[in-house]
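Data block below; observations after.
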Amino acid sequence: MCSSDLQFHGSLYEFVQNGDWNARNFFQPSVAAVHYNYFGGTIGGPIRKNKLFFFADFLRTSDHEANANTETIPSPLSRTGNLSEALAGSNPAPVYDPQTGNTTTGVGRTPFPNNIIPASRLNPIALKILALVPNPNEPYSTLAPTNNYFALLPFTKDSNLADGKIDYNISDKDRLSGRFSFQRPVIYQAPIFGVAGGDANGGFQGTGIQKTYSSGINWNHILSPNMVNEFRFGVAHYHNTAQESDYGSNDSTNLGIPGINISQFDSGLVGIGIGGFTSPLVGYSASLPWVRAEANIDLVDNVSRTYKNHTFTFGFDLRRIRDDLLQTQTYSPRGFYQFGVSQTNCAGSCPEPNGTVTSATTPNNTTSWANDLASFLLDMPQASSTGRDFSGTFPTIRAWWFFPYVSDRWQVTPKLTVDLGLRWELYPPAVPAFPGQFSNFIPSSNTLVIGGVGGNPNNGGLQNHLGYFAPRVGLAYRLTSKTVIRTGIGVSYTPFEDNTYLNYNYPTKGNVGAVQGVSAYTSAFYNGSVLSFESGMPVPSPQPIPSNGIYSVAALGQNGTSEFFFPTNYKNPHIIAWNFSVQQSLPFHFTMDVAYVGNHGVDMGSSQNINASPVIAPTSTNDNIYQPYYPHTGSISQFFVPVSAMYNGLQVK
């Protein structure tokens, strides 16, 4: 933004684009619509001659599209329980009746005659859910339905953006400027199956609104002919909300699934995933809804001084971080049911379509979408990917970052320039706005340690590292009038690398994951009982924080939950980067640069489930005893497992 000169200047502009002449994608029946319209204007000029100037602009962007979406959904016949379409072809897939044979192990099951489930066995809630999904509108193979539904869905993004800036020449030694920026984008993505949602745009279907404010003051003061001070102060804030299309409704309760819609935050339809079909078939992204507010305050003071053949720079950068984010995204606050093939497959002694019977230990090895859909129609969810999230309080983070620095540009000779610098980076561990919000899972004891309660550190006990020194050296040497050599090396640190922090565990946040039932061939368990639509997914009753600030996860009944573990000796990652380059002037006004560049990442963050079972395909709940931190059977994500990275490259231009 520029605000100077002695005259008023302004501009108006508009840009329009549409997709009327776009070609159709070969694999889609219609052309996706595109309508862009950008318009705005600028104005600037003097307020007080040679002293005070202003500049302002406004921009309106209007992006309206109809994006193309192709989905895979069940056929009309299969929705009635008639799954005979899967028996056609050279590899027929039988659907086994889970009420036959050994109902615990799945051995000795017999197929439904002609793959048809009796109407009396069909779950009424499952049928209501399927009724929310339209029938296919594209040609498909009934043996293996794929890409059988197409829709053009409205997508809009309308934004208002405005900037303002004032420059004030106080004196020959002082110049003051201030700026303010605002923008408000509103995004809407229509759901593919109405309020039932679906897979379009990855399940991100609904409305998102963000307000962003950014302001700053800059004061330059000439202290002497060879010394200048620059002072900067800035505040940036944004507030962002995103809500699924059926936010605020009791759609899950209305279907007959209890324990889901208990507050505004977990309103809407439960998510349903059926293997072999679009996922989620109904429902929305696990990340929706969310509410986020973040404010960053930045104070910088920089002094530059020239002394003989040196240019010294020293100063500091002080930042205040405020981040509030209400979002759960392990399963979804509305819960998620996943259905797979095992519940309607056979574990051994299986009658096959060709008339043979497998051995007592040999499962049927021909399964298909029909088994997935049958498990859904019979209301027999699997454990994997099934569960629900819940939120106890609004998570908050507060932190200070402080970076003092000093540098020197030294003109050693007319041909040699040396740049030296040192930056000290301080990242004290963040704290919550209120005690009791930070919770760290301790794998060795299966406990949750609550910060700020019972003498536990409010910052979760993370260490404050004071040795983050980031030096850098650069050299530039003019070898000849046509050849310059440059080389340098430097260290840079980064803040904590993820939104996930110590406020992702109970009681601030939590989740209940389904666990395997009595075998891999039966319905999953949830909170110790067989999971079904009729049972729903109730959240645990809130438990007061113990006086010592330590929860026993087993006593909470949450051994199956996903937990987050943050080692208290966590170190911020840093990168060591170096380069060596030669720049050569060539005939006909050409130049060529040849450079070797490299970098080495140290303590780079890698999230890892440290409670993964070594049993690749568990067949019973007894296999959970092999998990490293049994009796905790849920995942334990460590943030972070430090890893290193190395890059070396040759660059020519």
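The values are calculated or read from the model by the stated rules, or taken from the named source; none is laboratory data. Everything numeric here is computed off the predicted structure, so don't read it as measured data. All Cβ positions, glycine included, derive from the backbone under ideal geometry; neighbour counts span all protein chains shown. Surface areas here come from the heavy atoms of the whole protein model, side chains and all, with no ligands, DNA or RNA. Shrake-Rupley method; radii C 1.70, N 1.55, O 1.52, S 1.80 Å.
Computed extension gain for Thr591 through Asn169, at 0.36 nm per residue and net of the alpha carbon distance, reaches 147.8 nm. Scattering from segment 448-537 was approximated by placing one identical point on each alpha carbon and applying the Debye formula without solvent; log10 I(q)/I(0) at 0.10, 0.24, 0.25 1/Å stands at -0.63, -1.17, -1.21.
Phe204 sits with roughly 80 Å² accessible to a 1.4 Å probe, with DNA, RNA and ligands left out of the calculation.
Taking a 1.4 Å probe, which of Asp172, Asp20 shows the most accessible area, and what order do the others take after it?
Working: Asp172 155, Asp20 110 Å².
Descending accessible area places them as Asp172, Asp20.
Counting each DSSP H run of 4 or more residues in the chain as -39500 (n - 2.57), what helix-only mean residue ellipticity at 222 nm follows after dividing by all residues, to the nearest 500 deg cm²/dmol?
Working: 4 runs with 26 residues, N = 653.
That comes out to -1000 deg cm²/dmol.
What pairs from Lys211/Lys571; Lys308/Lys482; Lys51/Lys308; Lys165/Lys211; Lys49/Lys211 go past 24 Å between their alpha carbons? It would help to have the intermediate numbers written out before the result.
Details: Lys211/Lys571 34 Å; Lys308/Lys482 27 Å; Lys51/Lys308 33 Å; Lys165/Lys211 19 Å; Lys49/Lys211 35 Å.
Violating the 24 Å Cα-Cα cut-off are Lys211/Lys571; Lys308/Lys482; Lys51/Lys308; Lys49/Lys211.
For segment 1-135, what is the relative contact order in percent, using Cα pairs closer than 8 Å and at least 6 residues apart in sequence? Before the final figure, lay out the partial values.
Details: 197 pairs, mean separation 24.9, N = 135.
About 18 percent, as a whole number.
From most to least packed by mean Cβ count within 10 Å, the peptides 345-352, 638-645 give 345-352, 638-645. In segment 538-641, inverting the average of 1/r over every pair of distinct C-alpha atoms gives 18.8 Å as the Kirkwood radius.
Taking all protein chains as they are arranged and a probe of 1.4 Å, the heavy atoms of Thr500 leave approximately 10 Å² accessible to solvent. Entry comment: accessible area of segment 548-653 is 56 Å² per residue, from protein heavy atoms only and a probe of 1.4 Å. What ³J(HN,Hα) values, in whole Hz, does the Karplus curve 6.51 cos²θ - 1.76 cosθ + 1.60 give for segment 223-230 when θ = phi - 60°, with x put for Gly and Pro? Ordered by residue, 3J(HN,Hα) equals 7, 7, x, 10, 9, 10, 10, 10 Hz. Once you reduce segment 1-72 and segment 321-373 to the center of their Cα atoms, the two points are 48 Å from each other.
For the peptides 408-419, 145-156, the ranking by mean Cβ contacts within 10 Å, running from highest to lowest, is 145-156, 408-419. Listed peptides 241-249, 360-368, 434-442 appear in the order 434-442, 241-249, 360-368 once ranked by packing, highest mean of other Cβ atoms within 10 Å at the front. Computed on protein heavy atoms with a 1.4 Å probe, the accessible areas place Met646, Met604, Met537, Met380 in the order Met646, Met604, Met380, Met537, largest first. Figure note: Arg109, Arg472, Arg398, Arg423 ranked by solvent-accessible area, largest first, 1.4 Å probe, ligands and nucleic acids not counted: Arg472, Arg423, Arg398, Arg109.
Here the Karplus curve 6.51 cos²θ - 1.76 cosθ + 1.60, taken at θ = phi - 60°, turns the phi angles of segment 77-87 into couplings of 5, 5, 5, 8, x, 8, 10, 5, 4, 7, 8 Hz, with x standing for Gly and Pro.
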